[in-house]
Number of protein chains: 2
Amino acid sequence: MTYSISDLAKQFDISTRTIRYYEERGLIEPKRSASGQRIYSKKDRTRLQLILRGKRFNFSLEEIEEMITLFDEDRSGRKQLEKTIRYGDQKIQELTTQIEEMQALKEELEELHADFKERLQDIEAKK
Amino acid sequence: MTYSISDLAKQFDISTRTIRYYEERGLIEPKRSASGQRIYSKKDRTRLQLILRGKRFNFSLEEIEEMITLFDEDRSGRKQLEKTIRYGDQKIQELTTQIEEMQALKEELEELHADFKERLQDIEAKK
DNA sequence: CGTAACCTTTACGTTAACGTAAACTATTAC
DNA sequence: GTAATAGTTTACGTTAACGTAAAGGTTACG
């Protein structure tokens, strides 16, 4: 099964320009038909999905590119494996920190929220 | 205690341009000396810190502006209170979703990480 | 077979969030 | 008092991640 560019655009609710832009950046390389139209395979679709997921986590295209090529390269050699592991370690660390910070922020917001609700109830009670 | 613009720039490791830009956007309004130099109070410092925290959570300056003015306005009226509560509710929801997604991503990364480590150990074992 | 809907490339436009430079004034250090 | 350092405004430059438009080929349909 293959897809046209607008098929994917609709599926992921993004513009065709965006998809072409990712190609400009070297993140996807779909096959071409005889006339030159882009043909996306299941694999290409998955790749696009991966990119979009990265975006949702606020990774820049540069970072996404980095991650993709890293995991795409030949992972058989020991050196490559070690590099991948180190990279993954770092990303996990970053994520952990960010999650903790967001959790803290959320708790603060919840306190504020409770505060405001209390104030509102005070007002309601005085009616 | 007051601060000059470069005092704050050093404290938070940002440029003076950045601080002036926040002022352009109306996010801070420091006092001025007779000669026109910016004088930042403790309150201004706190405000700046707030902005930077927002940035760390990937909020845009527009969102930060929104939040600040919302919490700055008169919160005494019932309508205002309700608005604030609704806004907070929404932000908490957004945060919750994002945290969950990041948590999921982290777990995936950890699995991958374990995978690669195993492979590396296989190689080491064969030596 | 015409035409609407879709595809292509090329290229200039846009927005956020600053960076950088110029031209000038104020403060601080000796 | 004179450098050096720091501050001010004005204004143009920059980067990422697309948006938009033009000018033209392609495919699908009635």
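Taking label points 7 Å from Cα along the Cα-to-Cβ direction, B:Gln80 and A:Lys55 give a separation of 4.0 nm. In a simple Cβ point-charge model (Lys, Arg +1; Asp, Glu -1; nothing else charged), the protein assembly as shown has a dipole of about 700 debye relative to its Cα centre.
Ranking B:Ser35, B:Phe12, B:Ile99 by how far each Cα lies toward the positive end of the dipole of chain B (charges on Cβ) leaves B:Ser35 at the top.
Its Cα centre serving as origin, chain B has a Cβ charge dipole (Lys and Arg +1, Asp and Glu -1) of approximately 960 debye.
Per atom type, the range A:1-58 shows carbon and sulfur on 48% of its accessible surface, probed at 1.4 Å.
Between A:Leu95, A:Leu61, A:Leu27, the Gaussian network model of chain A with springs among Cα atoms under 10 angstrom shows the greatest mean-square fluctuation at A:Leu95. Total buried accessible area between B and A, probe 1.4 Å, nearest 100: 3800 Å². Between amide H atoms placed 1.01 Å from N, distances below 5 Å from B:Ile39 occur with B:Lys31, B:Arg32, B:Ser33, all of them 5 or more places distant or on a separate chain. In this structure the range B:1-57 gives 65 Å² per residue of accessible area when probed at 1.4 Å with all protein chains present. Debye-formula intensities of the protein assembly as shown, expressed as log10 I(q)/I(0) at q = 0.17 Å⁻¹, are -1.27 (one equal scatterer per alpha-carbon, no solvent).
For the range B:15-127, the relative contact order comes to 10 percent (Cα pairs under 8 Å, sequence separation of at least 6).
The distance from the alpha carbon centre of the range A:56-74 to that of the range A:85-127 is 29 Å, rounded to a whole number. Farthest toward the positive end of the dipole of chain B, out of B:Leu109, B:Ile85, B:Ile64, is the Cα of B:Ile64, where the dipole comes from beta carbon charges about the Cα centre.
The values are calculated or read from the model by the stated rules, or taken from the named source; none is laboratory data. The structure displayed is predicted, hence computed values, not measured ones. Here the Cβ is made from the backbone with ideal geometry for all residues, glycine too, and neighbour counts use every protein chain on show. Only protein heavy atoms, including side chains, enter the accessible area calculation; ligands, DNA and RNA are left aside. Shrake-Rupley method; radii C 1.70, N 1.55, O 1.52, S 1.80 Å.
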